[in-house]
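Working notes, beginning with the structure itself.
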Amino acid sequence: MIRTEELLLNVGPQHPSTHGVFRLVVKLDGEVITEATPVIGYLHRGTEKLAESLNYTQIVPYTDRMDYLSAMTNNYVLCHAVETMMGIEVPERAQFLRLIVMELQRVASHLVWWGTYLLDLGALSPFLFAFKEREMIIDLFNELCGARLTYNYMRVGGVKWDAPPGWIDKVRDFIPYMEKQLKEYDRLVSGNEIFLARVKGVGQYDAETAIAYGLSGANLRCTGVKWDLRKDEPYCIYDRFEFDVPVGTNGDCYDRYLVRMEEMRQSLRILKQAVEQFPSSGETMGKVPRAIRPPAGETYVRIESPRGEIGCHIVSKGKAEPYRLKFRRPSFNNLQILPKLLVGETITNLIAILGGVDIVLGEVDC
Amino acid sequence: MSEENKREEGRPAAPEQQEPANTQEVAGSEPAGAGAEHPNQPQPDTMPEHSDGGASGKPAEPSASAPAGEGTDAQTASGGESAPAGEGAGAGAGAAAAADPEREAKIKAAQEARAARLAAKAAAEGGAAGGAAGAGAATGAGAADPEREAKIKAAQEARAARLAAKAAAEGGASGGAAGAGAATGAGAADPEREAKIKAAQEARAARLAAKAAAEGGEAAPAEPKPPSPKQPWLDEAVELLKSEVHPEAVEEAAINALAGDMPTITVKAEHWRAAAELLRDHEKLGCKYIRNVTGVDYETHLEVVYFVLNLETKREYAIKIRTDREQPSVPSATPVWPGANWPEREIYDLLGVDFPGHPDLRRILMPDDWVGHPLRKDYVPLDPEV
């Protein structure tokens, strides 16, 4: 038998398949990984520390830069936390606008994941499809709030901008188009033999492990755990809409893929209802005191971001700035399981597994 | 094991780790600071005009948008031009409705409004002072100047808290503090508790209740709140912790109304490990999922908060462990919930809390050779240039 020598391989931090500045030090025995150690922090900007000297409105743009593929949900979780503490009511129209942008954001975020994941696995063309469709959502956001990625759209008590005339109609037109495209995606990729060979049974774990590791989002649901905060702890106005929470059964990369694909369809389903029920007029900002000073005490709110549970823990001393602000970032928590998943896998599967977790480094490092 | 040892052993990484972090991102994120100085989006050309509404908390606005807000306020107030009412109430609501397109008219309106406000403020002095008698009155007299209102409110809160604390200290076991009904819960049920802890607890609860009442305005301060639907969860967990772990395991227990009635239990550090296992494994609790771990520097002490959850019953708890600031140490929960691994490392890194029992306690966000723990309130960077 041929004896192989242990090889220490450094992956990243500037590796295209690490989706940002993520570094992984792997020990290899031949092609098999014997140990994997993630190294993070390259994008750490001290958001939580900075927030302690900013007022709540000023913190909103910082949340954009955490999970920059899903800035809308980040905006929401901060505003929602402050609103919960202060008992601020958000007007109907603002609630609808928030929900619509958050669901569009979920689709956009999953599209980036879909495109880049397949790119990681060696399929180039899906990336071009995904980014074309995502661009349409980005254009909608651009029209709404003047930014493509870091929206700074929400405020404590509502949203900064009302929808410009005709914007809702554009969203309405986008939904059937996207539904059609999703079918196209399925035809193009979901049954592809090479793709299946790369993801089926790869990076598999069971529900018990997923729960113990505190995974959330598709990483949890792929094991069959039906847990979606939009359904289980409804916030915003999610309890008014019909949608399903897709779950997998095997907990492998393929199930995570299927769950995310179905989530896009369900998001479109929510959007369709929301656009129909969108109030024709109304305020976009609720009654908010001039100085936003949550009462002394603390709160923890959490919502379902495209990557899982994003939470915001505020400790307030009754001042305009938070005494302590902590974000529970789903990518950070989800990534913990990676060393466990990689041991015993081949180096080729590393990329498939890492991509399947769907991380955004801005959020991991915060 | 000393800190250095742990670092040395656990670190697989080569020295490149100490290189300056590269912030280039594939998806093209902007640098963190980019939008920070300008929390408000520049107005895109395609947008209809909005006023800023004053809710954004940014410093003095140029006259072009500030008057718009005030003009709207004046309209919402009952007396047309009686601006003071609008000033308080309309601060946030002014956003969308600012229809006036002409700058000059706006400025003029603002001037008028300001004059009216000054006059009305003088008039309101007497009225607001009278209104300050009851706790709810401060918000009722919303017409008054917000600063003044805040001052009155603060004074009331202070007074209420003082009274409540006194009452609680004197009342001892009877727990007769007015308005404290919401929080007496689990603490009051146990007769063996030390009177001192209890008094402190009740005083705190009373303070919170008084504050909540003062801020709520419409809720009369004397009216006791109905117990939270999550109260039984709290009582049950406290009871189990006392009977199964240690009679002294629980330091404090309360429903946190600000966090959606989160049952919040403060557990003594030496009993935390056993308490964690109980929370996870007991059939009534079954909190197998750890959703978040936060560390807080309260300057007098450090606190680690674990948020645990039962995914089936949706029963959840926030468990707090207080620890000394000089020698902060909290038994690690990672052996119980593997998901606490990185969050605990993050707290170790940023706040300097030691977690004995953690399998791999190293810095996670800051470089390995970093000096100090940035989230400490008294943190001073070693090298201010960095």
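I'd like the full set of residues that are over 15 Å from the mean Cα position of the chain (by Cα) and either at the interface with chain B (Cβ under 10 Å from one of its Cβ atoms) or more than 23 Å from A:A197 (Cβ to Cβ) (or both), limited to segment A:321-362. The answer is A:E321, A:P322, A:Y323, A:R324, A:L325, A:K326, A:Q336, A:I337, A:P339, A:K340. Filter segment A:30-48 for residues that are surrounded by fewer than 17 Cβ atoms within 10 Å (Cβ to Cβ) and in a strand (DSSP E or B); which is farthest from the other protein chains (Cβ to nearest Cβ)? This residue is A:V32.
Scanning segment A:123-138 turns up no residue that is within 9 Å of chain B (Cβ to nearest Cβ) and surrounded by fewer than 24 Cβ atoms within 10 Å (Cβ to Cβ).
Working carefully through the options A:M85, A:M72, find the one that is facing chain B (nearest Cβ under 7 Å) and touching a residue at least 12 places away in the same chain (Cβ under 8 Å). The conditions single out A:M85. For segment A:310-344, the set of residues classified as among the charged types (D, E, K, R), surrounded by 24 or more Cβ atoms within 10 Å (Cβ to Cβ) and over 14 Å from A:A81 (Cα atoms) consists of A:R329 only. Here is a check on your reading of the model: is B:R280 within 13 Å of chain A (Cβ to nearest Cβ), part of a helix (DSSP H, G or I) and within 22 Å of A:G311 (Cβ to Cβ)? When the stated conditions are applied, B:R280 passes them. Out of A:F278, A:F243, one residue alone is without any contact (Cβ under 8 Å) to a residue 40 or more places away in the chain, crowded, with 17+ Cβ neighbours inside 10 Å and in a loop (DSSP other than H, G, I, E, B). It is A:F243. Just one of (1) over 21 Å from the mean Cα position of the chain (by Cα); (2) in a loop (DSSP other than H, G, I, E, B); (3) within 13 Å of chain A (Cβ to nearest Cβ) fails for B:N341. It is (2). The residues of segment A:295-315 that are touching a Pro at 6+ places or on another chain (Cβ under 8 Å) and either among the β-branched types (V, I, T) or in a strand (DSSP E or B) (or both), listed by number, are A:S305, A:G308, A:E309, A:I310, A:I314, A:V315. Somewhere in segment A:248-256, is a residue out of contact with any helix residue (DSSP H, G or I) (no Cβ under 9 Å at 6 or more places or on another chain) and part of a helix (DSSP H, G or I)? For segment A:248-256, residues out of contact with any helix residue (DSSP H, G or I) (no Cβ under 9 Å at 6 or more places or on another chain) and part of a helix (DSSP H, G or I): absent.
Number of residues in segment A:316-366 that are more than 15 Å from A:Y117 (Cα to Cα), among the hydroxyl-bearing types (S, T, Y) and not in a loop (DSSP other than H, G, I, E, B): the value is 3. Screening A:R148 with (1) of a type in the set (K, R); (2) more than 23 Å from the chain's Cα centre (by Cα); (3) not in a helix (DSSP H, G or I) gives one miss only, at (2).
The numbers here are math on the coordinates, done by the rules we state, and not lab data. Remember, it's a predicted structure, so these values are computed and weren't measured experimentally. Don't worry about glycine lacking a Cβ; one is built from the backbone with ideal geometry, like all the others, and counts go over all protein chains shown.
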